[in-house]
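This report concerns only the one structure given below.
The values are calculated or read from the model by the stated rules, or taken from the named source; none is laboratory data. These numbers come from a predicted model, not from an experiment. Cβ placement follows ideal geometry from the backbone for every residue including glycine, while neighbour counts extend to all protein chains displayed. Side chains included, ligands, DNA and RNA excluded: accessible areas come from the protein's heavy atoms. Shrake-Rupley method; radii C 1.70, N 1.55, O 1.52, S 1.80 Å.
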Amino acid sequence: MAGFGMRKVTRSSYDEMLQKLPDLLKTEGFGVLTQIDVKETLKKKLDVDFRPYKILGACNPPLAYRALTVAPEVGLLLPCNVIVYEHGGKAVVSAIDAAKMMTVVGNQQLEVTAKQVNEKLRRVIDSDAKLAAFLPAIRDAAWVAVDTEAPRVAYRETIQASTTQHARYK
């Protein structure tokens with residue numbers, strides 16, 4: 001992205017990401033205030049076809065309140081836009097770089113808040129990649145547990161060892 005946002009190509013489809021994204025944002029204290037379906041809008045207004053593309057207006061109320069009390073005009077830059085679009089069968093998620101946006105305000109008090117917003121948005125964007133990387137490991141472990149006796153034996157041995165160790169400390 002041209003230096004004004006953070007971007008991640010996910011392992012999820014566009015529809016999967018749109019379902020997950022509000023919950024991922026919620027884990028970081030954001031709510032989705034607006035959703036703009038760019039594909040639908042362009043079709044209605046210009047009768048052109050466009051890729052699946054949505055803009056979500058995300059707001060973290062405590063951080064927004066802090067920024068607005070410092071500089072009321074910062075509302076012109078709110079809410080934080082998060083976009084999701086389809087590219088090659090996968091979802092691309094991008095979020096605004098709040099720190100870069102706050103430079104136009106020219107108020108150093110907003111730098112700390114903007115940094116916190118960026119940290120939260122970065123975790124949201126990265127969380128799908130971490131989840132996607134973790135799920136195959138769980139699936140593979142479950143497959144091994146179903147197909148062999150070894151995990152059950154290891155589990156029993158671990159339980160026996162911890163029970164024995166626990167009995168020693170009673």
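In the set (1) open to solvent by 90 Å² or more (accessible area, probe 1.4 Å); (2) in a helix (DSSP H, G or I); (3) over 29 Å from Val112 (Cβ atoms); (4) not aliphatic (A, V, I, L, M), the condition left unmet by Asp49 is number (2).
One residue stands out in the stretch 100-114 among those that are crowded, with 16+ Cβ neighbours inside 10 Å and assigned to a helix (DSSP H, G or I): the one that is nearest to the chain's Cα centre (by Cα), namely Ala114. When the criteria are applied in full, Val74 fails the requirement of being β-branched (Val, Ile, Thr) and part of a strand (DSSP E or B). In the stretch 21-42, which residues are within 14 Å of Arg122 (Cβ to Cβ) and open to solvent by 50 Å² or more (accessible area, probe 1.4 Å)? Scanning the stretch 21-42 gives a single hit, Thr27. When you check Lys54 against the structure, is it assigned to a helix (DSSP H, G or I), without any contact (Cβ under 8 Å) to a residue 40 or more places away in the chain and more than 13 Å from the chain's Cα centre (by Cα), yes or no? So Lys54 fails the test.
Candidates are the residues of the stretch 62-87 that are open to solvent by 80 Å² or more (accessible area, probe 1.4 Å) and touching a residue at least 40 places away in the same chain (Cβ under 8 Å); the one that is nearest to Lys120 (Cα to Cα) is Arg66.
Taken over the stretch 1-37, the criterion of being of a type in the set (A, V, I, L, M, F, W, C), touching a residue at least 24 places away in the same chain (Cβ under 8 Å) and in contact with a strand residue (DSSP E or B) (Cβ under 8 Å, 6 or more places away or on another chain) is satisfied by Met1, Phe4, Met6, Val9, Met17, Leu18, Leu21, Leu25, Phe30, Val32, Leu33. Note on the stretch 88-99: among residues that are of a type in the set (A, V, I, L, M) and farther than 14 Å from Phe30 by Cβ, the one that is most open to solvent (accessible area, probe 1.4 Å) is Ala99.
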